[in-house]
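The values are calculated or read from the model by the stated rules, or taken from the named source; none is laboratory data. None of these values were measured; they are calculated from a predicted model. Positions of Cβ are backbone-derived with ideal geometry, glycine not excepted, and every protein chain shown enters the neighbour counts. Side chains are part of the model used for accessible areas, which takes the heavy atoms of the whole protein and leaves out ligands, DNA and RNA. Shrake-Rupley method; radii C 1.70, N 1.55, O 1.52, S 1.80 Å.
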Amino acid sequence: MVSKQKTQGENMANQTSKKPTNRKKPIDPIIYFGGEITNSLILESQKHLTTLINKGYKDIILQINSGGGNCDDALAIYDIFESSKAHFTTRVFGKANSMAVILMLLGTERLISKHSRILLHEMGTTLGKDSRWSVTELKQSYDSLSYLNEQYADIIFANLKGKILREEILGMMKKETYLTPNEALELGFVTGII
């Protein structure tokens with residue numbers, strides 16, 4: 001009888017001491033855009049996107065809480081993601097300001113939390129306190145910013161599918177317009193409020 005109990009006890013110990021199998025935990029199909037949009041974010045987000053696509057994910061969530069950033073970098077990210085074969089749902093928690101708006105527009109389903117907001121404004125540059133700009137340099141900067149303004153408005157207009165006129169978008173940018181979730185929904189910037 002004692003030997004049976006011992007055997008049962010040994011069996012119980014063997015069952016509980018089995019090591020769990022080393023299954024890889026599936027990665028979350030979410031790419032986070034938080035903080036400033038910079039050059040380093042291009043490579044980082046592209047690597048994450050490529051990893052998710054290579055793992056077989058076709059539906060990817062882009063979660064955004066960004067005040068915007070560099071125009072060229074945001075346009076590069078937009079082009080990379082738009083040219084991929086993935087399907088995006090975008091979710092804004094906090095803010096999608098400035099160039100983060102075009103990242104938000106990558107989603108076919110675009111969601112915003114009830115306490116978030118969106119900011120549209122014209123493109124700008126910072127003139128250093130101690131820097132001197134010639135008339136030619138200022139004109140070149142103006143021409144470059146005007147081009148970026150047009151690109152930004154074109155992307156917004158194309159993604160809103162004519163819900164508001166391009167001139168209205170440019171007017172909103174000129175006034176520096178904040179949109180509440182309800183306003184963003186009404187104008188077509190988002191498809192739902194979460």
Exercise for the section: Please indicate, with yes or no, whether at least one residue in region 119-142 is hydrophobic (A, V, I, L, M, F, W, C), within 23 Å of Lys174 (Cα to Cα) and at pLDDT 95 or above. Expected result: yes
Problem - Subset of region 45-81 (residues that are farther than 23 Å from Asn159 by Cα, exposed (fewer than 14 other Cβ atoms within 10 Å of the Cβ) and not β-branched (Val, Ile, Thr)) - result: Lys47, Asn54, Lys55, Gly56
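Just to be sure before I move on: is Leu105 in contact (Cβ under 8 Å) with a residue 60 or more places away in the chain, under 19 Å from Ile193 (Cβ atoms) and surrounded by 12 or more Cβ atoms within 10 Å (Cβ to Cβ) in the structure I sent? It would help to see each step written out before you state the result.
Numbers: in contact (Cβ under 8 Å) with a residue 60 or more places away in the chain: yes; under 19 Å from Ile193 (Cβ atoms): yes; surrounded by 12 or more Cβ atoms within 10 Å (Cβ to Cβ): yes.
Spelling it out, Leu105 is indeed in contact (Cβ under 8 Å) with a residue 60 or more places away in the chain, under 19 Å from Ile193 (Cβ atoms) and surrounded by 12 or more Cβ atoms within 10 Å (Cβ to Cβ).
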Problem - Matching residues, region 111-147, being in contact (Cβ under 8 Å) with a residue 24 or more places away in the chain, open to solvent by 20 Å² or more (accessible area, probe 1.4 Å) and not in a loop (DSSP other than H, G, I, E, B) - result: Leu111, Arg117
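Table: residues versus (1) in contact with a strand residue (DSSP E or B) (Cβ under 9 Å, 6 or more places away or on another chain); (2) of a type in the set (A, V, I, L, M).
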position	(1), (2)
Asp72	no, no
Ser83	no, no
Arg91	yes, no
Met99	yes, yes
Leu106	yes, yes
Leu111	yes, yes
Ile118	yes, yes
Tyr147	no, no
Gln151	no, no
Practice task
Name, by its number, the condition in (1) out of contact with any helix residue (DSSP H, G or I) (no Cβ under 7 Å at 6 or more places or on another chain); (2) modelled with pLDDT under 95 that does not hold for Asp154.
Solution key: (2)
Problem - Options Gly162, Gly188; residue that is open to solvent by less than 30 Å² (accessible area, probe 1.4 Å) and either in contact with a Ser or Thr (Cβ under 8 Å, 6 or more places away or on another chain) or not charged (D, E, K, R) (or both) - result: Gly188
